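> Here it is, the structure, as structure tokens.
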Amino acid sequence: SDLKEDLEKDKLTVKVCEDVDSILEACSQSNPSLVVLKQSISGGNAVDICLKIRDMGEWGEDTLFLVVAKNHDDLEMGRAESNIIPKESWLVEPVSVAYIRTRVRMSLLRAPCKWVRASIPANEEARLVALKESCMMDVNQPEGLKRITRVARQLFDVGAACFTLLAKDHVKLISAEGLDCINIPRDAAMCAHVVSDQDFTLVADALEDDRFADNPLVQGAPYLRFYAGMPIWSKAKDGQSYIIGSFCLLDQKPREFNTEQLRSLQDLASLAREEFGAISAEAQRARCLGVSSL
């Protein structure tokens, strides 16, 4: 798997097992320092496996665990049932290979992981419906949004300005100046915090911020240090409005951000939101007519 290959790049010995018996056999033979488990496994569950590993001997008492739950309900249930797996050792899908790799590395170093994944909003299911209804996930670099992101980059003299949409497991940059329009894993995206917090998010220096210091977009390309993002709301067919993404500024050096700049970013985000609404309406009409748009 991709995770196995990435961990082996870190000079770690990795064994992949598919069921409870093979996991326990591998642990009894290799005495692992850390075990990564899915909460539900063929033939059992993660909590029972952890208890059995703990009983294998003195080494088992020191074994570290990371457990990946399928959803938040399973996560809370697992945390409530287990007192041997620390709360911070529980993860919930969707989770990227990069995030697990970082958590494994920090766990083995017995160091805190300075990469906090944004929480999932309580209205996530309805929010994703609103995003789908917008018909904007297949739209790339619409000219109206390109003009606004271009102006934002020039006005604030930053490395990049973007309009992003937050999907279930990734972020799509539908308009970006200074950064390639790529899909970014959700748990690495700073704009996921804008959606989660439902508010303006400012990161003056990512290396000094415990939420982002170990983030792969900070430690590696594009080496982000500064982020300022405004929420973008979209009205759904149910009559409610949901935050479906962000309008943001990024840079490779730390920056301060004053009140006047905040007002200017709010104004540009409002313009971007209006343009997004117009493009979305056109895309929805085109879908109803059965033709392609943009």
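The values are calculated or read from the model by the stated rules, or taken from the named source; none is laboratory data. Keep in mind it's a predicted model, so treat the numbers as computed, not measured. Cβ placement follows ideal geometry from the backbone for every residue including glycine, while neighbour counts extend to all protein chains displayed. For accessibility, only protein heavy atoms count, side chains too; no ligands or nucleic acids. Shrake-Rupley method; radii C 1.70, N 1.55, O 1.52, S 1.80 Å.
> Could you report segment 49-207's accessible area per residue, 1.4 Å probe, as an integer in Å²?
On a per-residue basis, segment 49-207 sits at 47 Å².
> With every protein chain present, what accessible area does Lys9 have (1.4 Å probe, heavy atoms only), rounded to the nearest 10 Å²?
140 Å²
> Another question, if that's okay. For Cys288, Cys50, what's the largest-to-smallest order of accessible area, 1.4 Å probe?
Heavy-atom accessible area, descending, gives Cys288, Cys50.
> Give Lys4/Lys38; Lys172/Lys253; Lys15/Lys87 a once-over and call out the pairs whose C-alpha atoms are over 18 Å from each other.
Lys172/Lys253; Lys15/Lys87
> Continuing with this model, one more query. Computed from the coordinates I sent, volume of the Cα convex hull per residue in Å³ equals one of (i) 167; (ii) 138; (iii) 148. Tell me the label.
This structure yields the entry labelled (iii).
> Cα gyration tensor of segment 177-286, axes a ≥ b ≥ c as square roots of the eigenvalues: rounded (a/c below 1.5), prolate (a/b > b/c) or oblate?
Verdict is prolate for segment 177-286.
> May I pose another question? How high is the relative contact order of segment 1-91? Use alpha-carbon pairs under 8 Å, at least six apart in sequence, and give a whole percent.
Over segment 1-91, the number comes to 24 percent.
> Give me the aspartates and glutamates in straight-line cross-link reach of Lys237: C-alpha distance below 12 Å, same-chain residues under 8 apart excluded.
List returned: Glu133.
> When the helices in the chain are scored as -39500 (n - 2.57) per DSSP H run of 4 or longer and the sum is shared across all residues, what 222 nm value do you end up with, to the nearest 500 deg cm²/dmol?
Estimated from H runs of four or more residues: -12500 deg cm²/dmol.
> Give me the number: length gained by fully extending Leu155 to Ala286, i.e. 0.36 nm times residue separation minus the C-alpha to C-alpha distance, one decimal in nm.
43.8 nm
> Also, quick follow-up: What residues have an amide H closer than 5 Å to that of Leu91, excluding those fewer than 5 places away on the same chain, when H is modeled at 1.01 Å from N in the peptide plane?
Val67, Val68, Ala69
> Then there's this: Quick check: at a probe of 1.4 Å, how many percent of the accessible area of segment 68-150 sits on carbon and sulfur atoms?
51 percent
> Where both partners of a DSSP beta bridge lie in the chain, what percent of those bridges are antiparallel, to the nearest 5?
So the antiparallel bridges in the chain amount to around 75 percent.
> Further question on the same structure: Assuming R0 = 51 Å, what is the FRET efficiency of Asp169 and Glu58, from their Cβ-Cβ distance, to the nearest 0.05?
My answer for the efficiency is 0.80.
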